[in-house]
Amino acid sequence: MTRMDNHRFTAYYKAQNIIPDQEWDLFMDALRRPLPTTFRITGSRDIAHALGDAIQQIYVPILNNVVFEGETVPPPAHIPWYPDGLAWQFNVSKKVLRRSPEFKKFHSFLVHETEVGNISRQEAVSMLPPLFMDVQPHHKVIDLCAAPGSKTAQLLEALHANDTATSTSIPAGLLIANDSDSRRSHLLIHQSARLPSPAFMVTNLDASIYPVLKLPSSPNDNRRAVKKTPSQLLFDRILCDVPCSGDGTLRKNLGIWKRWQPMDGNGLHGLQTRILQRAMRMLTSDGRIVYSTCSLNPVENEAVVAAALNSNPEFELVDVSDQLPQLIRRPGLITWSPTIDRNVNTSFSSYDAYIQSLPVGKRGDSKLIETHWPPNNAEALHLGRCMRIYPHLQDTGGFFVAVFERKASHKTAISVHVSKRVAEDSDTASSAPETKKAKLETNTQTQVAEDESDTTTSRDAMDADPSASDEKQEATEQHQSKPTAHARGKTTPADPSFKEMPYTFLQPDDPALHACINQLNLAPSFPSSNVLVRNPTGEPVRSFYLTNALVKSVVQANDHTRMRLMASGTKVITKQEAARGMDAQYRVLGEGLPVVLPYIKPETILHADFGALKVLLQNYYPLCVSFVEPFRSEMEERAPGSHVVRFIPGTSTDTTFCRDLILPLWKSNVSISLMIDKKTKSALSWRLFGEDLTVAAREKGRKQKPAVPRAAAEATTDEPKDLEDEENDQDRAIGDVEEHE
Ligand SMILES: C[S@@+](CC[C@H](N)C(=O)[O-])C[C@H]1O[C@@H](n2cnc3c(N)ncnc32)[C@H](O)[C@@H]1O
């Protein structure tokens, strides 16, 4: 059993005065208690509210009066500050989850909804940073340290605020999720697959030196200076959820009690500051940055904030005390005392005093720098506007959040105009059911020299954005690789070590794409100019991905190896191996259907009831004749290949989720099958019929039986696996301490 104590931790944080003396014991007691289970309902608003209602109306009443071993167990409750009641918490032991029939059922529901991405288990405090970002569907957003992606998911949801229960909108903006660790970047891609988005990209770069990305000038923009010059892609919202020592996660990462030592924070300060400073140079003039850590250490928090503000005086901290009023928080610190060694020597009140104490010959070796200490202007920087979240205040982990914007005098006063530009660029067809509302947008793109030999930029560009001071260095960076047009098969390997496939956009009149659109009966509004393929030659061999217009222009204007682009847009259609004598058959992927659905001609969508769905869940390839009319005849009349069915819940079905469901089907000569993966099938079955009716579940049950003695089988069947936490903060705490001294 881990000893939940660490004398250095106590000595260090007492020296920082982070908690008033009279609260110290409450703080430490809270740190030693396990965290409640917290989760967020994800996905489009419609689905989220339906699931929220199911929890409130079905599960809470059942869980309201549970008595376990003589004690009343509290039911799940809303996290008080989370908007729209879409985040929940409950605090029960594993024993209760496994043995109380009511909680066991609730747990199964949560596990299955988590598997299909409708619920995301996430620590409450980790949900905070995206809430302070106010992301809108037209925003250009970057999450600089994104893996494993729980906050990325929240940002994506905000970008997709206009999605409906069955179909995805195509936002005009974009979200780039970046992480410097390639293994974790893959995790990020995997997690984000739950919310397929044409506006999503993943890069694998060091955020502290994130390169300038180019954006081609708009053909619709008639201003002379903008016409020929590509601009720098600046972001409206930037999240810096930086690597940190992670001691705010002590309640769930018990190993930190033993491992914690105060120099971890000192070592991370430099990288954290560089990431925040880099973000400041990538922001539009009226954009917003959120900086966060799950550390309590002022050297990783207020010291970083102060250093970045002092080197970028056009920025200020935003007072967000009126936002999320139910969130109990404490103000940022104005003063703190860095330690100079592992033994918590915090006796030096300033950097100068510390340096003077070193032998002259050793002064240059010091790994501590001036910004580890509080600056003289700490009050003037309004560090109190930072937010500190402590475990004993609302039974959470520890966390730190700071919100930055440019000072009003530095928000560029260039003409604010109702610009349809992004929307116009967004996608070709005006009838496309996407977000194309005219948006108030300041034009803040910094232009980048198009002529590769010219390292200077236009005066307009320098005037257009305060970040232009950074331009020369960035223009030089830009020169290090030539962007390519990604004509089929032609790429310039700016980073030969980067092995990801290129991203090649098909011509809208590509014969394969044409065949696909015809076969799937897609409407003319389908954005065929934004379809890309990923393979070495750029041929339309198998899968088609869809992006929005903005993502397309970023991909085309920047070398994919230089930006270490790991993912772009979302896979929507795949080619099925052709049977002998037949042409290739295309099918819409289950995960791509919400994206493609708005372009599927309504008259081609079949209708069936939940009885048919039950048959399809219970069998892999049920024969057409096993369905009732009129679905049976309709299906028999259809040609073999990909079809889409709308399942309408009837009055006879006893389901907790009374909404239409639209799913892809595959018809062979005499049978049909649901084209969704096993996990999604199981989750659907649980949600609709209260049990797992799928073939896979039956087969699993059969396989388990002979091998397992009866008593053991009883103990394991139906035992839901634990809800897995999406954010592996253990990883975060260990893997992220990269600059140990
Ligand atoms: C605190 S975690 C991010 C958690 C994530 N935002 C979430 O909500 O799931 C910090 C991440 O920063 C990444 N990282 C570390 N150094 C980095 C750097 N120089 N540039 C970009 N990412 C970095 C780590 O790989 C880690 O995934």
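The values are calculated or read from the model by the stated rules, or taken from the named source; none is laboratory data. Source: prediction; values computed, not measured. A quick note on method: Cβ atoms are made from the backbone with ideal geometry, for glycine too, and the neighbour counts reach across all protein chains shown.
Here is a yes/no grid of residues against (1) modelled with pLDDT under 95; (2) buried (at least 18 other Cβ atoms within 10 Å of the Cβ); (3) among the acidic types (Asp, Glu); (4) within 26 Å of the chain's Cα centre (by Cα):
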{"position": "SER366", "(1), (2), (3), (4)": "yes, no, no, no"}
{"position": "ASN376", "(1), (2), (3), (4)": "no, no, no, no"}
{"position": "LEU383", "(1), (2), (3), (4)": "no, yes, no, no"}
{"position": "PRO391", "(1), (2), (3), (4)": "no, yes, no, yes"}
{"position": "HIS410", "(1), (2), (3), (4)": "yes, no, no, no"}
{"position": "ILE414", "(1), (2), (3), (4)": "yes, no, no, no"}
{"position": "HIS417", "(1), (2), (3), (4)": "yes, no, no, no"}
{"position": "LYS420", "(1), (2), (3), (4)": "yes, no, no, no"}
{"position": "THR428", "(1), (2), (3), (4)": "yes, no, no, no"}
Restricting attention to the range 219-228, does a residue exist that is surrounded by 19 or more Cβ atoms within 10 Å (Cβ to Cβ), farther than 18 Å from ALA147 by Cα and modelled with pLDDT under 95?
yes
For TYR620, the lone unmet condition from (1) part of a loop (DSSP other than H, G, I, E, B); (2) buried (at least 16 other Cβ atoms within 10 Å of the Cβ) is (2)
Looking at ARG259, ARG288, ARG278, ARG251, which one is charged (D, E, K, R), within 10 Å of the ligand (Cβ to nearest atom) and more than 19 Å from ILE340 (Cβ to Cβ)?
ARG278
Of a type outside the set (Val, Ile, Thr) and either buried (at least 17 other Cβ atoms within 10 Å of the Cβ) or under 14 Å from MET501 (Cβ atoms) (or both): does that describe PRO524?
no
For the range 508-518, give me each residue that is over 18 Å from THR570 (Cα atoms), surrounded by fewer than 17 Cβ atoms within 10 Å (Cβ to Cβ) and not hydrophobic (A, V, I, L, M, F, W, C).
ASP509, PRO511, HIS514, ASN518
Given SER497, SER553, SER525, which one is of a type in the set (Ser, Thr, Tyr), part of a loop (DSSP other than H, G, I, E, B) and under 25 Å from PRO211 (Cα atoms)?
SER497
Out of the residues in the range 95-150 that are of a type in the set (Ser, Thr, Tyr) and within 10 Å of the ligand (Cβ to nearest atom), which is modelled with the highest pLDDT?
SER126
In the range 151-189, which residues are hydroxyl-bearing (Ser, Thr, Tyr), within 15 Å of the ligand (Cβ to nearest atom) and outside any helix (DSSP H, G or I)?
SER180
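Give the range 70-123 a look and list any residue that's part of a strand (DSSP E or B) and under 17 Å from ASP53 (Cα atoms), or say none.
Within the range 70-123, ALA77, HIS78, ALA87, TRP88, GLN89, PHE90, ILE119, SER120 qualify.
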Scanning the range 624-642 for residues that are touching a Cys at 6+ places or on another chain (Cβ under 8 Å) and buried (at least 16 other Cβ atoms within 10 Å of the Cβ), which turns out farthest from ASN669 (Cα to Cα)?
ARG632
Residues of the range 4-33 being aliphatic (A, V, I, L, M), out of contact with any helix residue (DSSP H, G or I) (no Cβ under 8 Å at 6 or more places or on another chain) and part of a helix (DSSP H, G or I), which ones?
ALA11, ALA15
Considering the range 190-206, residues that are modelled with pLDDT under 95 and over 15 Å from VAL141 (Cβ atoms), and then whichever is nearest to the ligand (Cβ to nearest atom), we arrive at GLN191
Looking at the range 277-290, is at least one residue within 20 Å of LYS367 (Cα to Cα) and either over 25 Å from the mean Cα position of the chain (by Cα) or not small (Gly, Ala, Ser) (or both)?
yes
Going through (1) out of contact with any Lys or Arg (no Cβ under 7 Å at 6 or more places or on another chain); (2) assigned to a helix (DSSP H, G or I); (3) loosely packed, with under 13 Cβ neighbours inside 10 Å one by one, LEU597 fails only at (3)
